[in-house]
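The values are calculated or read from the model by the stated rules, or taken from the named source; none is laboratory data. All values reported here derive from a predicted model rather than from experimental measurement. A quick note on method: Cβ atoms are made from the backbone with ideal geometry, for glycine too, and the neighbour counts reach across all protein chains shown.
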Amino acid sequence: MTEDESASRPTIVWFRDDLRLADHPALDAANASGRPVLCLFVLEEGTGRRPLGGAAGWWLDKSLAALDADLRRLGGRLVLRRGDPRRILPEVAASTDAAALHFNRRYDRAGSDIDEAVMAEMTRQGVAVSSHAAWLLFEPGAIRTKTGTPFRVFTPFWKAHRPHLAPRPALRRRPDSMSFFEGPAACDPLVSFGLHPTRPDWSGGLAERWTPGEAGARARLLAFLDGDLSRYAAERDVPAAGASSCLSPHLRFGEVAVARVAQEVMKVAAGGELPADASEKFLAEIGWREFAWHLFSSFPDLATHNFQSGFDHFLWREDTAAFQTWTAGRTGYPIVDAGLRELWQTGFMHNRVRMIVASFLVKHLLIDWRQGEQWFWDTLVDADAASNPFGWQWVAGTGADAAPYFRVFNPMAQGAKFDPDGAYVRRFVPEIAGLPDKFLHRPWEVPPLLRLSAAAYPLPIVEHEEGRKRALAAFAARR
């Protein structure tokens, strides 16, 4: 093989949850090699990894289309395949005579096992393989407790990691030009993935709410930095305030690098134009995501097994009717129902409301947290393999750094505190929108003359104090 022929052999960039061109170490390394680049995405099937939920599948469909469009503007394209990467990657490498493979590391146990198998086979074929760090701020295990074990409590975890969070000069913006592989490469049509819902297409609310893709992520980050970040610490728990970053689905699919988000927030904070605690509150939320992934890398069964094994024999209630009432947002508690309807309509739920909604299922109804986690997995556009079960186990009291068993959110008090004028509830529970504020979070107390305006809204599925006492008794018995 001549030197020119060798130089024409492509380098494969294997995209996964990093659907962007900026701040992409694997892509940057491939581009710097001087070889033509072949951009590949594999919809993984038959590997044992958890399949995507419906809302996340909708997002992936749009994000892949956006990435392909971005690559085409540079003169390339995104090659799509579906199946087991352990078969497909060696097949693509052989059919294109690839010289190298670059990818960004992932940290779920099943995913890393697949990656190791791919690396071994590609190396056997004579393909040079390189993996890169891009998904997290810190590699799991890089910083441990004084006894050398993984952190199990968030506060000491973040206290140990936060001082090492500094701007990264190695971050790179989108490439202005690239050399792409122009030879033949088998490619499945995106529509064949079946990610967009049909019969029926329930995604209208998602499309109105979100703009998947790197451009949408960049616009969302800039809007947050320019306005919402300054209000974040003071208003982040108010669902109607709009102070949330709403970056979580963009981070979930890697349309923006978490390091970029942290760096831009620190840059704004350094300018001295933010309230003192605004940036630190937000960075701590990124730290919470980091903590979940560090834990998940060590405990891969987080979505199916109690982190605290003492809950393995807890007697959860089997109540299909109550669970379906909860998913439909018909519990009779407005703040709970507003959250569940927001979720169904938009694929998203405000973080404070997620806690209230989860607490109601686990505590008031005593239904297994795994049922709620699976519902969120299927309906959230930001359903994350680590953060989703981690959050549910935190609320249930079964996880690391969990909420104490006696913490039972009072939905009326939570509604009155965080939605005092009812703006959030009125948006998503329109049948009680006409009630005065003082009855909005307790519609069953409305006087008879006003009751007709809320007649379509159900009575509470369980009385609060009854549910609270039942939960406390059940959890105390477990102890």
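Here ASP301 clears all of (1) assigned to a loop (DSSP other than H, G, I, E, B); (2) closer than 25 Å to ALA56 by Cβ; (3) touching a residue at least 40 places away in the same chain (Cβ under 8 Å) except the condition numbered (3). Would you check if there is a residue in region 47-60 being charged (D, E, K, R) and within 23 Å of the chain's Cα centre (by Cα)? Within region 47-60, one or more residues are charged (D, E, K, R) and within 23 Å of the chain's Cα centre (by Cα). Among all positions in region 400-421, there is no residue which is farther than 23 Å from GLU463 by Cβ and buried (at least 23 other Cβ atoms within 10 Å of the Cβ).
Could you tell me whether any residue of region 102-125 is farther than 23 Å from ASP17 by Cα, among the charged types (D, E, K, R) and touching a residue at least 60 places away in the same chain (Cβ under 8 Å)? No, region 102-125 contains no residue that is farther than 23 Å from ASP17 by Cα, among the charged types (D, E, K, R) and touching a residue at least 60 places away in the same chain (Cβ under 8 Å). A Cβ distance below 6 Å, combined with a sequence gap of six or more or placement on separate chains, defines the contacts here; from region 440-466, residues that are in contact (Cβ under 8 Å) with a residue 60 or more places away in the chain reach residues that are assigned to a loop (DSSP other than H, G, I, E, B) and polar (S, T, N, Q) in the pairs ILE461/THR331. Among the conditions (1) within 19 Å of PHE348 (Cβ to Cβ); (2) crowded, with 21+ Cβ neighbours inside 10 Å; (3) more than 23 Å from the chain's Cα centre (by Cα), TRP392 misses just one, which is (3).
On the basis of being of a type outside the set (Lys, Arg) and closer than 18 Å to PHE15 by Cα, does ALA65 make the cut? Yes: the conditions hold for ALA65. A single entry from VAL462, VAL408, VAL429, VAL446 fulfils the requirement of being outside the structural domain of GLY287 (by TED's automatic domain parsing), touching a Ser or Thr at 6+ places or on another chain (Cβ under 7 Å) and either under 13 Å from ALA338 (Cβ atoms) or not basic (Lys, Arg) (or both): VAL408. Restricting region 410-441 to residues that are aliphatic (A, V, I, L, M), in contact with a Pro (Cβ under 7 Å, 6 or more places away or on another chain) and not in a helix (DSSP H, G or I), the residue that is nearest to LEU452 (Cα to Cα) is LEU435.
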